[in-house]
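The values are calculated or read from the model by the stated rules, or taken from the named source; none is laboratory data. Since the structure is predicted, the reported quantities are computational estimates derived from the model, not experimental observations. Don't worry about glycine lacking a Cβ; one is built from the backbone with ideal geometry, like all the others, and counts go over all protein chains shown.
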Amino acid sequence: MEAKVDTPDAAAAETAARQHGALTRRQLEACGLGSKAITIRVRKGQLHRVHQGVYTLGHPPRSLRELFMAAVLACGPGAVLSHVSAAVLWELLKPIDGPIHVSVPSTSGRARRRGIHLHRTPPSTRTQSLPRRPPTRSKKEGDGEGS
């Protein structure tokens, strides 16, 4: 039996731990933090805004996994890490500078996001708690063969 999380901050920490330190505003609200509480935690440096509606807990993103997860969360349900970014996560390519590539379902109405290159594609896969394209697809896309 899981221990009951008794404070909004503990609930947020539990959620962030499952998502490489990142969480959405909706998730913070579901943990019991209101708009004012979120603003206070941002001012105190307890939350760090990475993208609109996406934060990291305790510190700015320090790893590629944290940056990648924040980008995927910013793009909404069904979003997955893709192309060069997924190939980097699969360790098929070395990290490079530039936007993080995220694929969203072709039916998504998601708008552009700074620092994220959006691709519209069919459904994908979720592994190791970070949604991403399969390695063969990621390698092809990273080599410039994909969309």
**OP:** Scan segment 110-119 residue by residue and report those that are assigned to a strand (DSSP E or B), at pLDDT 85 or above and either farther than 18 Å from PRO99 by Cα or of a type in the set (D, E, K, R) (or both).
**Re:** none
Original post:
Of the residues that make up segment 48-67, is at least one touching a residue at least 60 places away in the same chain (Cβ under 8 Å), under 17 Å from LEU118 (Cα atoms) and either part of a helix (DSSP H, G or I) or β-branched (Val, Ile, Thr) (or both)?
Top reply: no
Subject >> Odd one out for VAL42, checked against (1) surrounded by fewer than 14 Cβ atoms within 10 Å (Cβ to Cβ); (2) modelled with pLDDT of 85 or more; (3) β-branched (Val, Ile, Thr); (4) outside the structural domain of LEU23 (by TED's automatic domain parsing) >> reply: (4)
Subject >> Single match in PRO131, PRO122 (criterion: modelled with pLDDT under 85, outside the structural domain of ARG41 (by TED's automatic domain parsing) and crowded, with 20+ Cβ neighbours inside 10 Å) >> reply: PRO131
Original post:
Here are ALA87, ALA16, ALA22, ALA12: which of them is among the aliphatic types (A, V, I, L, M), free of Cβ contacts under 8 Å to residues at least 60 places away in the same chain, surrounded by 21 or more Cβ atoms within 10 Å (Cβ to Cβ) and in the same structural domain as ALA111 (by TED's automatic domain parsing)?
Top reply: ALA87
